[in-house]
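The numbers here are math on the coordinates, done by the rules we state, and not lab data. Model, not experiment: these values are computed from the prediction. Virtual Cβ from ideal backbone geometry, glycine too; neighbours counted across all protein chains shown.
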Amino acid sequence: MRYLTLIFIFISCLSQAQDITVEKIWKNYEFYPKSVEGFKSMNDGEYFTRPIEDLSIYKFSIADPNDKGELLMDGRLMVYQGKQIAYDDYEFNADESKILLLTNVESIYRRSYSAVYYLFDLRTKKLQPLDEVNQPQTLAEYSPDGKSVSYIHGNDLFVKNIESGKVTKLTKDGKRNKVINGTTDWVYEEEFSITKAYGWSPDSKMIAFLRFDEKEVKEFTMEMYGELYPQDYKYKYPKAGEDNSKVTAHVVNVKSGKVSNLDLGDYEYIPRLNWSSTANHLILQTMNRHQNELSYHLYDYTSSKVTHKVIFQEKSKTYIDVDDNLLILKDGKTILRTSEADGYNHIYKLGFDGSSVQITKGNWDVIEFLGIDENSNTIYYSSAEPASTQKSVYSIKLDGTNKLELSKQKGYNEAEFLTGMKYYVLDYSNANQPSVISLCKNDGTVLRDLETNAELNKKLKNYSLTKKEFLTIDANGVKLNAWIMKPVNFDTTKKYPVYMTVYGGPGHNEVLDSWDGSDYMYYQMLNQKGYIVFCVDPRGTMYRGADFKKSTYLQLGKLEIEDVINSAKELQKLAYVDGSRIGIMGWSYGGFMASLAITKGADVFKMAIAVAPVTNWRYYDNIYTERFMRTPKENEDGYDRNSPINYVDKIKGKYLLIHGSADDNVHYQNTMEMISAMVKANKQFDLFIYPNKNHGIYGGNTRNHLFQMMFDYTLKNL
């Protein structure tokens, strides 16, 4: 009788396991992990602030978990002209006596936004708009002395004196699609990950800024639907081989308004602009069009006579990645930066005299430079040293000694240090566990958990979930990182279809030991329907050294698709894989890969879903494309040999193209040209277009609709 009871309980538990649905994932967002919002470190490094539900901002002790908090800003005071002001974010000034509030934030492109800013004085409790006349604004920030606020409006740079309320327009030639001051054009934002193109000098007397003259850059037009006559949206987008904005660097004296031009010699790009935090030293980075020569320019404003010199140059046979791993030390003569000069990405100490000393060493990549405690000469960074699928946090002395691993668990450890470098916030997850966010001392000791995602973990127990397993696959002699998720109640005596998910492009890995959120749950849905889900990172991806990453140079798509096809062939050898039912799905670069798979890999892949794919690199922007391919004129064969458009005659399987008609990144043009090629070759295909949607294809019910369509298509055709 006892055994019958146990069987009944077991069957009951199985029957209670819930089904995952697209609606639960992409409409109700039931599996979305919680984060820690509004956490701001204070100057002393011992306190932090967080907003509470009524928009009040409280100050808490980092060390004392029982601190109930001190009220800094009463949310009830957030009223202007009888209207309650709800803010999206906030920033303190230097002495923490004032707060800058961002309201009505609206995205423009991937990183750019517009907003309406308000200033709140913690002493007088007065709330005032930053500028009621020139709205909306973007990129507002306090001057280092806290007496002024700078911002961009209408492509021009403004400064407001807080005490007098006087607003000064420092540049006067800004005009949409013509001239931009202080912020960036589309291609810099997308490919150099920069929108803020200005900065205050430490003494608050000058602002250095970039000016973009984009008059010669060709416009791209997208039609926006919804009215009787669709509206044209035009913006500047330089495609491969086409003219860039002419970018120049300037310094403006805030008091006098005088603008000085900075002569940087011969260059194509100015991807970064950095002031020292302590002295009037300005560092500008310049690059050539091929992005294989990087120069550091030092402008010294510490005396009445301004001096300029190039303090360092780096050259590569392929390309150099620009990142934010740069810090000017307080000694006024040293920079910390990262470089792949020895074959792996490592931290270097660079002197203003041109000297360079390598600090970290080994056959692994530094991922992120997290900061330095100059009192103890301790550098903090994250790296892929444990494995190229993982990320751990380390400390090391400035002289390269006493390296310590601070993160205790293997997986993905994202750290953000607080002011003073005494503490950091750690966001830890692994492939099968959602984020746990903790507050840690700088020696790695966990002080307390800020968010454990206990509710999500409890919810996940109601579902029969499989585990994401990591493996190394030998793809025709190339060792590649991969993961696999097998169906629920997996049986080695049965044969299963395979759904491959792919990205495969430079600068982005998919095979990571980190929580993959909604995508992870979507794969679980496929597992529940009897599909194996598989992912591989081909050559050209990150964290395995420069040679592996840059092996695809001048031939984007060639080695990557060989690796993907050969990986699929390895899967076909497994007894439990139905080798005739292998499909693939990818988005963006992954859409490019999926399109190559159904063409070049037509004998292997039964189905491909390509979302927002590049179909010919001639149609993509010049900074990204030329970094890896040079120009079409220089490398015609590289552009044509690996374009799926040129292989549509090979298509045998089912092919679904999906694109947003307002994709400002990978233009809808890519899909249109692919369609033209397939019609000419008399190849049948499936197509779905989302009107007015950008590269992310989201908003309202869009994601829910998209993933339900892809799920149904997979069930029908794989």
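Charge tally around N413: other residues with Cβ under 13 Å, Lys/Arg +1 each, Asp/Glu -1 each, net -4. Could you tell me the calculated FRET efficiency between D121 and D67, based on Cβ-Cβ distance and R0 = 30 angstrom, to the nearest 0.05? Working from the Cβ atoms, E equals 0.75. For segment 203-243, chymotrypsin sites (Phe, Trp or Tyr not before Pro) meeting the loop criterion (DSSP other than H, G, I, E, B) and having at most 12 other Cβ atoms within 10 Å: Y225. Estimated from helical segments only, the mean residue ellipticity of the chain at 222 nm is -4500 deg cm²/dmol, where each DSSP H run of four or more residues counts as -39500 (n - 2.57).
On full extension, the segment bounded by Y58 and Y225 gains 55.6 nm, given 0.36 nm per residue less the C-alpha separation. Remark: for residue pairs K169/K239; K333/K361; K68/K422; K196/K693; K34/K178; K239/K549, the C-alpha separation exceeds 30 Å in K169/K239; K34/K178.
Each of N692 and S676 was given a label point 7 Å from its Cα along the Cα-to-Cβ line. The distance between the two points is 2.8 nm.
Amide H to amide H under 5 Å from I194: which residues, 5+ apart in sequence or cross-chain, H placed 1.01 Å off N in plane? Hits under the 5 Å cutoff: E189.
Per-residue extension of 0.36 nm, minus the Cα-Cα distance of A94 and D263, leaves a gain of 57.7 nm for this segment. Projected over every direction and averaged, the convex hull enclosing the alpha-carbon atoms of segment 21-147 yields 10.7 nm². Just to be sure I understand, if you calculate Cα extents along the principal axes in Å for this structure, which of (i) 80, 71, 63; (ii) 97, 55, 50; (iii) 87, 79, 45 do you get? After the calculation, the listed value that fits is (i).
Take the Cβ atoms of K215 and N489, set R0 to 60 Å, and the FRET efficiency comes out at 0.40. Decide, for segment 479-570, between rounded, prolate and oblate: order the square roots of the alpha carbon gyration tensor eigenvalues as a ≥ b ≥ c, take rounded if a/c falls under 1.5, and otherwise choose prolate if a/b is larger than b/c, else oblate. Note, shape of segment 479-570 comes out prolate.
How far apart, in nanometres, would the label points at N253 and Y113 be if each is projected 7 angstrom from Cα along the Cα-to-Cβ direction? Distance between the two pseudo-spin positions: 3.6 nm. Full extension of the segment from R289 to A341, taken as 0.36 nm per residue of separation minus the current Cα-Cα distance, would add 16.7 nm. Remark: the Cα gyration tensor places segment 520-573 in the prolate category, a/c being 1.5 or greater and a/b exceeding b/c. Exposure proxy for M593, M607, M672: other Cβ atoms within 10 Å of each Cβ, ordered fewest to most, give M672, M607, M593. Shape class for segment 364-452, computed from the alpha carbon gyration tensor (a ≥ b ≥ c): oblate, with a/c not under 1.5 and a/b at or below b/c. For the peptides 168-178, 182-192, 512-522, residues were scored by their other Cβ atoms within 10 Å and the scores averaged per peptide; the highest-first order is 182-192, 512-522, 168-178. Estimate the FRET efficiency between K309 and K479 by the formula 1/(1 + (r/R0)^6), using the beta-carbon distance for r and 56 Å for R0, to the nearest 0.05. Plugging the Cβ-Cβ distance into 1/(1 + (r/R0)^6) gives 0.80.
With a simple spin-label model that places each label point 7 Å from the Cα along the Cα-to-Cβ direction, the separation between E451 and K317 comes to 4.6 nm.
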